[in-house]
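Read through the structure below, which is laid out as structure tokens, and then see the notes.
The values are calculated or read from the model by the stated rules, or taken from the named source; none is laboratory data. All values reported here derive from a predicted model rather than from experimental measurement. For neighbour counting, all protein chains shown are included, and Cβ atoms are generated from backbone atoms with ideal geometry for every residue, glycine included.
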């Protein structure tokens, strides 16, 4: 490993902060417009259950990062099943990232055109945003991870100020208990709903080789999930105790909370919160666009051709986002019952790849005992 | 990479970054400040089959920031009408050349006629408009809202600021519940509990000066003394007097601190400051009936004692006992009033829901009708542990 490769890697805390900011956008962006929202104790227990389930999803990541830390899941797929499996895996991730990019951009645009500039044109909102994204993708993972580390602390400060400001209005009487019938079903549905929004789980499988110590990927993943869970539980408790079920019926419950909280002379905390919300949308879209570009590299090796293809597909993504931004019912349809996707991409698929690799290794060891798994560990970043 | 090409890219990068900021900070479809009227208070009345909105806007009487003083002259009132509140809002730009900005609105006053047509009908527009401040105080006027907004106040830069402060003080000092817009919208949305709003009224002015000499202007010409009760559907149903309003604060667990006056004819008058208050309302769910128990625990400071006759033996104990009885009376008065109005104003159904979900499901639809049959028991503890003096006066 040369020195340059080492300097362009990111640390485990940087990865954690980047993933957290990216995930936050989907946390803040929850809205009854895009899917069913649960309330009261059902929501809180659903969040807790989703954390436990998502921790289980880290198991394949832990296996892969410890044994094949130098290769992404796509690289591992290539080693396990040849070029076709590699390209198939890359195509699968490419499609998922396309959906995530369009979803994130449309959600961002919907937020901007309903709260910041009511009834403005989504195209006008998305053009500069998208152009800046394209440009920032060129800077690479390290640069935007560093930027994310700065905004991470700003965001925590903003969230803490909102929660502290909300405490005088909070009343635990507002949190509705579990219903008498169908409580477990509702909790489980709420948990699945949370899992379906966590695309960062499978991003980790493509990002761990970029860590300075890839073996810490599962640790970063665990802390990312824990931090997100704690953040969600705290903010959900505050929303429910201040606004009750009424809060979860608002177009944007987190925004509704920010809009009713004032802290001394800071009377409209929602303005500050909104600017950080935009930053979260930016990091989420940036992360997915970066990984989208990375997956594209599996198909096209030539640099110029790859660039042309990337920009051409980016134009499609832009128009896809504009379409979804103007059709929130389509986003709602995409959101329903998609918990299966993270389960497949973050758990089943990497586990299958790991088993295939282990079998191949064993076969290789039987055929030529001097050859070890080190042969499979070529750099693929 | 060649340096010139690199430089061009950097310039492009900065241009794009700046363009991102343009889209996010308000430069898109913006309205300059000089084209906006900054609304400080909104009055909602219903007359002639439509809503009349009165806006109190910030408008310094003379140009230049140095001339803004503490007077009512900094405010102007604009009125617009419409069949709905949103139509009246839209029409407001036709009666003056500026766009109404409600993001800094402090107070919403609802006139009796508008309140009788339902709170939600009057306030729904403001709940859905993202620009409107949801922290605005909501007040009820037994006459018209425009009359209250037109009242002169000589404290603060704007009369609206004074109205807001009066409402906040009434809540903070344990006089009358202090209600914000989002709380009214929340109660209306939940659709199973009523709401209490502070009643604002004009202080009757004497037509002639008593002494015949020139007098200093009164600071305020409005006051809060009562609370208006609204049903779960948001319709005005009755008035809580001063005693009942305070009782409501105990029952709603909204009392932070307050002052209490114990008056015993021909003996003494004592003033207590209750500086730490804890209240717990808990349901007692028996097989056939539901009752509630209120536990109040206060720590108090004896701030003033005026002896008007022979002083009682064990005066501190006597004051404590009478203060406890006074609080219990206030709570019972508020309870009886809510029962008479058949409206769940104290979130009683929420208490039942927290304790027993199945029982809540059984009673939720009929609870309001049987509210007058519900009993309230109280246990009040007042502990006087501060005397405002360096020695204990009566020990």
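Yes or no: residue B:194 within 16 Å of the chain's Cα centre (by Cα), touching a residue at least 40 places away in the same chain (Cβ under 8 Å) and assigned by TED's automatic domain parsing to the domain that holds residue B:117?
Working: within 16 Å of the chain's Cα centre (by Cα): yes; touching a residue at least 40 places away in the same chain (Cβ under 8 Å): yes; assigned by TED's automatic domain parsing to the domain that holds residue B:117: yes.
Here the answer is yes, as residue B:194 does meet what is asked.
Residues in the range B:322-339 that are out of contact with any helix residue (DSSP H, G or I) (no Cβ under 6 Å at 6 or more places or on another chain) and either within 14 Å of another protein chain (Cβ to nearest Cβ) or under 19 Å from residue B:293 (Cα atoms) (or both): how many?
First, pick out the residues of the range B:322-339 that are out of contact with any helix residue (DSSP H, G or I) (no Cβ under 6 Å at 6 or more places or on another chain): B:322-329, B:332, B:335-336, B:338.
In the following step, the residues that additionally are either within 14 Å of another protein chain (Cβ to nearest Cβ) or under 19 Å from residue B:293 (Cα atoms) (or both) were identified as B:323-329, B:332, B:335-336, B:338.
Final tally of qualifying residues: 11.
Looking at the range A:332-340, can you tell me whether even one residue there is farther than 30 Å from residue A:225 by Cβ and modelled with pLDDT under 90? Spell out the reasoning first.
The initial filter retains those residues of the range A:332-340 that are farther than 30 Å from residue A:225 by Cβ, namely none.
No, the range A:332-340 has no match at all.
I need the full set of residues from the range B:354-373 which are crowded, with 18+ Cβ neighbours inside 10 Å and away from every other protein chain (no Cβ under 14 Å), in order please.
B:367, B:368, B:371
Among the residues of the range A:20-27, are any free of Cβ contacts under 8 Å to residues at least 24 places away in the same chain and either more than 30 Å from residue A:172 (Cβ to Cβ) or out of contact with any helix residue (DSSP H, G or I) (no Cβ under 6 Å at 6 or more places or on another chain) (or both)?
Looking through the range A:20-27, none of the residues is free of Cβ contacts under 8 Å to residues at least 24 places away in the same chain and either more than 30 Å from residue A:172 (Cβ to Cβ) or out of contact with any helix residue (DSSP H, G or I) (no Cβ under 6 Å at 6 or more places or on another chain) (or both).
Among the candidates A:95, A:15, single out the residue that is in contact with a strand residue (DSSP E or B) (Cβ under 8 Å, 6 or more places away or on another chain) and in a helix (DSSP H, G or I). Spell out the reasoning first.
On the way: A:95 fails: in contact with a strand residue (DSSP E or B) (Cβ under 8 Å, 6 or more places away or on another chain).
Exactly one residue qualifies, and that residue is A:15.
Yes or no: the range A:164-186 includes at least one residue that is more than 14 Å from chain B (Cβ to nearest Cβ), in contact (Cβ under 8 Å) with a residue 60 or more places away in the chain, closer than 24 Å to residue A:13 by Cα and touching a strand residue (DSSP E or B) at 6+ places or on another chain (Cβ under 8 Å).
Kept after step one, since they are more than 14 Å from chain B (Cβ to nearest Cβ), are these residues of the range A:164-186: A:164, A:184-185.
Pick out the ones that are also in contact (Cβ under 8 Å) with a residue 60 or more places away in the chain and you get A:164.
Narrowing the set further to residues that are closer than 24 Å to residue A:13 by Cα leaves none.
No - not one qualifying residue is present in the range A:164-186.
Could you check how many residues of the range B:29-46 are at pLDDT below 90 and either more than 22 Å from the chain's Cα centre (by Cα) or under 11 Å from residue B:122 (Cβ atoms) (or both)?
Number satisfying all stated conditions: 9.
Residue check: is residue B:131 at pLDDT below 90, crowded, with 23+ Cβ neighbours inside 10 Å and within 14 Å of chain A (Cβ to nearest Cβ)? Spell out the reasoning first.
Values: at pLDDT below 90: yes; crowded, with 23+ Cβ neighbours inside 10 Å: no; within 14 Å of chain A (Cβ to nearest Cβ): yes.
No, not satisfied.
Consider the range A:150-185. How many of its residues are within 29 Å of residue A:105 (Cα to Cα) and crowded, with 17+ Cβ neighbours inside 10 Å?
The qualifying residues number 8.
Taking helices (runs of 4 or more DSSP H) that do not extend beyond the range A:191-262, which have at least 1 residues that are modelled with pLDDT of 85 or more, within 29 Å of residue A:333 (Cβ to Cβ) and away from chain B (no Cβ under 14 Å)? Break it down stepwise before answering.
On the way: elements: A:200-207, A:217-248, A:253-260.
Once the helices (runs of 4 or more DSSP H) in the range A:191-262 are filtered for at least 1 residues that are modelled with pLDDT of 85 or more, within 29 Å of residue A:333 (Cβ to Cβ) and away from chain B (no Cβ under 14 Å), what remains is A:200-207, A:217-248.
Does residue A:135 count as facing chain B (nearest Cβ under 7 Å), within 21 Å of the chain's Cα centre (by Cα), part of a helix (DSSP H, G or I) and surrounded by fewer than 19 Cβ atoms within 10 Å (Cβ to Cβ)?
On the way: facing chain B (nearest Cβ under 7 Å): yes; within 21 Å of the chain's Cα centre (by Cα): yes; part of a helix (DSSP H, G or I): yes; surrounded by fewer than 19 Cβ atoms within 10 Å (Cβ to Cβ): yes.
Criteria met by residue A:135.
Can you tell me which residue is farthest from residue A:163 (Cα to Cα) among those in the range A:251-266 that are touching a residue at least 24 places away in the same chain (Cβ under 8 Å) and within 27 Å of the chain's Cα centre (by Cα)?
Residues of the range A:251-266 touching a residue at least 24 places away in the same chain (Cβ under 8 Å): A:251-255, A:257-258, A:260-263, A:266.
Going one step further and asking which of them are within 27 Å of the chain's Cα centre (by Cα), we end up with A:251-255, A:257-258.
Values: A:251: 20, A:252: 16, A:253: 13, A:254: 11, A:255: 12, A:257: 9, A:258: 9 Å.
Checked the range A:251-266; the qualifying residue farthest from residue A:163 (Cα to Cα) is A:251.
Does the range A:152-162 contain any residue that is touching a residue at least 24 places away in the same chain (Cβ under 8 Å), within 14 Å of another protein chain (Cβ to nearest Cβ), farther than 21 Å from residue A:332 by Cβ and over 22 Å from the mean Cα position of the chain (by Cα)?
Of all residues in the range A:152-162, those touching a residue at least 24 places away in the same chain (Cβ under 8 Å) come to A:152, A:154-155, A:158-159, A:161-162.
Those still in the list that are within 14 Å of another protein chain (Cβ to nearest Cβ) too: A:162.
Pick out the ones that are also farther than 21 Å from residue A:332 by Cβ and you get A:162.
Going one step further and asking which of them are over 22 Å from the mean Cα position of the chain (by Cα), we end up with A:162.
Yes.
Run down A:124, A:91, A:95 and say which single residue is surrounded by fewer than 22 Cβ atoms within 10 Å (Cβ to Cβ), farther than 14 Å from residue A:278 by Cβ and within 14 Å of another protein chain (Cβ to nearest Cβ).
Working: A:91 fails: within 14 Å of another protein chain (Cβ to nearest Cβ); A:95 fails: within 14 Å of another protein chain (Cβ to nearest Cβ).
That would be A:124, the only listed residue that is surrounded by fewer than 22 Cβ atoms within 10 Å (Cβ to Cβ), farther than 14 Å from residue A:278 by Cβ and within 14 Å of another protein chain (Cβ to nearest Cβ).
Which residue out of A:49, A:43, A:73, A:64 is touching a residue at least 60 places away in the same chain (Cβ under 8 Å), crowded, with 23+ Cβ neighbours inside 10 Å and farther than 19 Å from residue A:207 by Cα? Walk me through how you get there before you give the answer.
On the way: A:49 fails: crowded, with 23+ Cβ neighbours inside 10 Å; A:73 fails: farther than 19 Å from residue A:207 by Cα; A:64 fails: farther than 19 Å from residue A:207 by Cα.
Among A:49, A:43, A:73, A:64, only A:43 is touching a residue at least 60 places away in the same chain (Cβ under 8 Å), crowded, with 23+ Cβ neighbours inside 10 Å and farther than 19 Å from residue A:207 by Cα.
If you check B:61, B:54, B:19, B:66, which single one turns out to be in a helix (DSSP H, G or I) and either modelled with pLDDT of 90 or more or away from chain A (no Cβ under 14 Å) (or both)? Let's see the steps before the verdict.
Details: B:61 fails: in a helix (DSSP H, G or I); B:54 fails: in a helix (DSSP H, G or I); B:19 fails: either modelled with pLDDT of 90 or more or away from chain A (no Cβ under 14 Å) (or both).
The unique qualifying residue is B:66.
Please return the ranges of strands (runs of 3 or more DSSP E) entirely within the range B:81-154 where 3 or more residues are more than 19 Å from the chain's Cα centre (by Cα) and in the same structural domain as residue B:171 (by TED's automatic domain parsing).
Values: elements: B:99-101, B:107-111, B:137-141.
Fully inside the range B:81-154 and qualifying: B:99-101.
Could you tell me whether the range B:234-248 includes any residue that is buried (at least 18 other Cβ atoms within 10 Å of the Cβ), touching a residue at least 60 places away in the same chain (Cβ under 8 Å) and assigned to a loop (DSSP other than H, G, I, E, B)?
yes
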